[in-house]
Each structure stands twice: as C-alpha cells, then as structure tokens.
Amino acid sequence: MRKFVKGLSFFAMALLLIFTAACKGNDGTAESADGASKETYQFKLAHITPPDHMWHKAAEKFAEELDKRSDGRMQLEIYPSSQLGTEADMVEQISAGSVDFGFITAAYMSSRSPSFAAWFTPYAFKDLHEANEARDSEIAKKILGTLDEQGMVGLDYFFAGQRVMLFKDKKVEKPEDMKGLKLRVTPSPPMQDFYTSTGASTEGLPLPEVYSAVQTGVIDGMDMDLDATITNKYFEVVNYGAVTNHMVWPAVAIVNKKTFEGMPEADQKIIREAIAAAAEFSAMTRADQEEEFKKTLKDEGMDIYEIDPSLFDPYKQKFDEKYGKQDPLIQEFIDAFRD
Ligand code: BEZ
C-alpha cells in the first residue's frame, strides 16, 4: 500500500511538472493556464520636468494604465525633475538597465540618433492633433527603430504643446525683428539653426538657468512651450509671447531593450498599449489646454499674440535644404508632412 501511495505521488509530481512546462512562455516565464503572464514587475521611469508639467502627468497616466491593464502586476515608480541626473545620465542608466523607462526630449535623442531632429521640421504640423496623428506614421516608427542598436527600444512620443517664442522687452512681429537678439534655445542644432537663420544669436542654457538669465538680461527671450512658460513662471520675467507654434516638442518614450524583449509577448503588448494610451492622453489634454494657457498668460499681464506663419517660409526652406540632406529619414519626414 505504501509503495502504491509513493508511486501515485511520483506520478502526480511528474504530471505537475509536465503541466507547468506546458504553461511556460517562450522565454521560460511562468504563465497561468489561460496563457496569461503571472510575472510581477516594479519598474522605474525618469524624466526632467517638474510634477506639474504634462510629461509628469503623462507618466502618472502610464503608471495607472500599466496597473489597470496588468491587474496590478506592473507597478511604476516615477523620478521627475531630473532627480536621476541629466538626460544624458538617464539614457546611460536606461541602456545599462538600472532604470527601465525614460521620457527623453527629442532634442537630446537627436544627439544619440540624428533622425530625431526630423521632429523639429518648422511648421510641419498645423496643430497638436495633426502631430498626434503623425505618432503612428511609418516614418515616426522608423525613427524610433534607430534606437535598437543602442540597447533601447523606442516606444512612442509624448507631446507637451508646440514651441512658442517669449521676449522680454521687444515685441517681435516678424522674423527680421529677431536680428541681434540673444535667445535661449535648447542646445539642439536644428532648433538653434532655425533662430540663427533669422539673425538672432542663441544660448543653449539648461532649463533651470533660464529664469534668472532672462531676469538679469543675459538673454532677451527664449524658445519655449506654453506649459513650461506657466510651470516655470517665465511670465514674471518676459512681457511678450508670440504663439508661433513653429515646432512640436516631443519626449521620446524609451525602455531598456533587454528588459523589454525578455518579457512575455503579452506583457510587451500591455506596455505598448499603456504607453500609447498615455501618449494620446498627453497630446489631447494638452491640445485642449491651448486657449486656457493663453488666457492664463494674458491674465498674468503678458502680451500674447500670433505671427503670420508664411513670414517664416524662407526659414522653413533653409531647414529643409540643410537637414533633409543630412539624414534620409529626415528627408522622408519632410516629404511626408510638408504641405
Ligand atoms: C526646454 O528645455 O525648453 C524644455 C524641456 C522640457 C520641457 C519643456 C521645455
């Protein structure tokens, strides 16, 4: 009898092993009987903006979506405000795997992979709705694909409004009025070239130094987005805001390649869908805030106005000629989105 029980439990154990093996994913990760992953994850995400900026709200939305879509198996800790260092530091941490995700400016990413500069094609999109549609285009995906060889997967783009021009003392009403002004422009060659082609000079100051630089007169104005104009209180130190919406300003959502590709496909799908939902939320919420933000800045005493985009046609052409030649993906982007 004891022999029979022993034989039976051996048989039960063998059955259990066969069953467990049959329920494992391609990479050996345990899955439940219905094929769903049982893995749990504690991810980290880093970005540079303060908690009241849209990119942080989008990161929170991503955390919520991950939690909901994975039934709580995927949790996300967010490190805003450059807590983990500069964007260069964050990208190093992500490619090394100590941080999983980052929302990194396309401006910085273009220093790692030049085709990201395509997003700075001046006046490529009428508004954020059009830019948001471009997220799904073949060319946008090809640009993300250039990160593959750098140990990262490019997942999507997050828009925080378009770029506008802020001036301390001079109301600039046409590109020629910028001649001789010293303007803070993110240290990204295509953005800086756009300004220098008008006769302005550029200073590539990091964001935390911009407020005091304009306050003390070191610079005469800046290239910015409306969201950051409010969250960083630039309205206290500039008088004029030209809502040119001349370029979009995406953050690129990236993830460590080994971490991502080591997950069961069902979990990769959850991540892709959660990030797409957060990106959609970011662009659409931001698009809806355009009028409210302009009003907030007017209420703060700024002169908020528009400049006829056709006045910038010669400068658009200069960009297209220079950057289209530099990278075939940039040319493809210009061909896809230039009217
Ligand atoms: C900037 O460098 O201009 C910037 C960076 C992140 C969010 C908004 C603006």
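For this structure, a couple of remarks:
- Any hit, region 111-120, residues being farther than 13 Å from residue 275 by Cα, away from the ligand (no atom under 15 Å from the Cβ) and either touching a His at 6+ places or on another chain (Cβ under 6 Å) or β-branched (Val, Ile, Thr) (or both): no
- Within region 244-266, considering residues that are crowded, with 22+ Cβ neighbours inside 10 Å and under 21 Å from residue 66 (Cβ atoms), the one nearest to the ligand (Cβ to nearest atom): 251
- Looking only at region 222-243, and only at residues there that are part of a helix (DSSP H, G or I) and not aliphatic (A, V, I, L, M), the one that is farthest from the ligand (Cβ to nearest atom): 236
- Condition met for residue 279 (within 15 Å of the ligand (Cβ to nearest atom) and either buried (at least 23 other Cβ atoms within 10 Å of the Cβ) or over 26 Å from residue 190 (Cα atoms) (or both)): no
- Answer residue from region 32-78, given it is small (Gly, Ala, Ser) and in a helix (DSSP H, G or I) and is farthest from the ligand (Cβ to nearest atom) among those: 63
- Taking (1) within 12 Å of the ligand (Cβ to nearest atom); (2) not in a strand (DSSP E or B) in turn, residue 177 satisfies each apart from (1).
- Checking each residue in region 50-77 for being small (Gly, Ala, Ser) and closer than 22 Å to residue 289 by Cα picks out 58, 59.
- Evaluated against (1) more than 16 Å from the ligand (Cβ to nearest atom); (2) outside any strand (DSSP E or B); (3) under 22 Å from the mean Cα position of the chain (by Cα); (4) within 30 Å of residue 69 (Cα to Cα), residue 330 falls short on exactly one condition, (4).
- Filter result (in a helix (DSSP H, G or I) and either of a type in the set (D, E, K, R) or in contact with a strand residue (DSSP E or B) (Cβ under 7 Å, 6 or more places away or on another chain) (or both)) within region 79-92: 87, 89, 90, 91, 92
- Residue identified as of a type in the set (Val, Ile, Thr) and under 24 Å from the mean Cα position of the chain (by Cα) among 231, 216: 231
- Among the residues making up region 180-213, those that are touching a residue at least 60 places away in the same chain (Cβ under 8 Å), away from the ligand (no atom under 12 Å from the Cβ) and farther than 21 Å from residue 305 by Cβ are 189, 190, 193, 197.
Where a number appears in this text, it was derived from the coordinates with a stated rule and is not lab data. Every value quoted in this text rests on a predicted model; they were computed, and no experiment measured them. Every residue, glycine as well, gets a Cβ built from its backbone with ideal geometry; the counts of neighbours run over all protein chains shown.
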